[in-house]
Amino acid sequence: MFVKTYGHLYMQNSELFKDLFEELKRYYVAGNVNLEEMLNDFWARLLERMFRLVNSQYHFTDDYLECVSKYTEQLKPFGDVPRKLKLQVTRAFVAARTFAQGLAVARDVVSKVSVVSAVCILCYCFLLFHVKRKFGRCGKISQ
């Protein structure tokens, strides 16, 4: 979709988005990613990339780009999009990860309950067999 929409520009900068999706996947799977920091880092890198592309006729030093990124909060080059996206992504991924963890716990509980149930059934059958055998003897004696 991105390739079709943005073409060569996307292809040149796709690693930025691939990194974002890898980090989101890492959060979903392991949870050892700070979503807010990760999204802030993405927007900072995107700003730097966009700044270079829009001003491609100039060469900027890393110090200059770092200075530009320090003023991102005041300049808001992407408007309110980073804040809104951060809120939505955080809500969605926290909910999805919590739901997936809940399903995993439920699977473990059902597995353990199944084992306990099987043991209880075996114990019941064992006791039933012995009780019938003993009462069967008593019945023969009383006749």
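Points to keep in mind about this one:
- Shown in residue order for the range 37-54 are the 3J(HN,Hα) couplings computed by the Karplus curve 6.51 cos²θ - 1.76 cosθ + 1.60 at θ = phi - 60°: 4, 4, 5, 4, 5, 4, 5, 5, 5, 5, 4, 4, 5, 5, 4, 5, 5, 5 Hz (x for Gly and Pro).
- Translational D in µm²/s for the range 1-113 (Stokes-Einstein at 20 °C, 1.002 mPa s, Kirkwood Rh from C-alpha pairs): 130
- Per-residue ³J(HN,Hα) for the range 99-107, Karplus 6.51 cos²θ - 1.76 cosθ + 1.60, θ = phi - 60°, Hz, x for Gly and Pro: 4, 5, 5, x, 5, 5, 5, 4, 4
- Portion, in percent, of the accessible area of the range 1-113 that falls on carbon or sulfur, probe 1.4 Å: 60
- A 1.4 Å probe run over the protein chains yields, for the range 1-113, 76 Å² of accessible area per residue, whole-number rounding.
- In this label model, residue 93 and residue 67 are separated by 3.3 nm, measuring between points 7 Å along each Cα→Cβ vector.
The values are calculated or read from the model by the stated rules, or taken from the named source; none is laboratory data. In this text, all values refer to a predicted model and were calculated from it rather than measured experimentally. For neighbour counting, all protein chains shown are included, and Cβ atoms are generated from backbone atoms with ideal geometry for every residue, glycine included. When the accessible area is computed, the model is the full protein with side chains, heavy atoms only, and any ligands, DNA or RNA have been set aside. Shrake-Rupley method; radii C 1.70, N 1.55, O 1.52, S 1.80 Å.
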